[in-house]
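Novice: Okay, handing you the structure first.
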Amino acid sequence: MTTEEIKSNVLLALDEIRPFLNSDGGDISLISIEDDKHVKVRLEGACISCSVNQMTLKAGVETTIKKYAPQIETVVNIL
């Protein structure tokens, strides 16, 4: 997969999970993809102060991104 295809697939994954975040007053933005395998995102809105945002990041966001782009190894939230 090319760098552009990876970015496109990661954006598709974020579009899939965004409605769930929006329903709780949150959102997510793609910050960067490094070495085609490390994704940096920013949880926004209500997600910033949510007590389970790390669980959301791992169980929801990371899982969905890896479904679309299996070569992704890490997904981290950048404050």
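The values are calculated or read from the model by the stated rules, or taken from the named source; none is laboratory data. Everything numeric here is computed off the predicted structure, so don't read it as measured data. Glycine gets a Cβ as well: all are built from the backbone with ideal geometry, and neighbour counts include every protein chain shown. Note: accessible area is taken over every heavy atom of the protein model, side chains too, but ligands, DNA and RNA are not part of it. Shrake-Rupley method; radii C 1.70, N 1.55, O 1.52, S 1.80 Å.
Novice: Using only Cα atoms, tell me the angle between helix 3-23 and the longest principal axis of the chain; keep it within 0 to 90° and round to the nearest 10.
Specialist: 20
Novice: Still on this model: Using a basic spin-label model with each label point 7 Å from the Cα along Cα→Cβ, how many nm lie between residue 71 and residue 15?
Specialist: So the label points at residue 71 and residue 15 sit 2.1 nm apart.
Novice: Per-residue ellipticity at 222 nm for the chain, helices alone: DSSP H runs ≥ 4 residues times -39500 (n - 2.57), over residue total, nearest 500 deg cm²/dmol?
Specialist: -11000 deg cm²/dmol
Novice: Hey, if you put +1 on the Cβ of every Lys and Arg and -1 on every Asp and Glu Cβ in the chain, which of 69, 55, 19 ends up farthest toward the positive end of that dipole?
Specialist: Farthest along the dipole direction, towards plus: 55.
Novice: Could you please state how large a percent of the accessible area of the chain is carbon and sulfur, counting protein chains only and using a 1.4 Å probe?
Specialist: Answer for the chain is 56 percent, counting heavy atoms of protein chains only.
Novice: Turning to a different aspect of this structure: So, in nm, how far is label residue 59 from label residue 5 when the simple model puts each one 7 Å beyond its Cα toward the Cβ?
Specialist: 3.3
Novice: Something else now. Given an 8 Å cut-off on Cα distances and at least 6 residues of separation, report the relative contact order of the chain as a percent.
Specialist: Computed value for the chain: 35 percent relative contact order.
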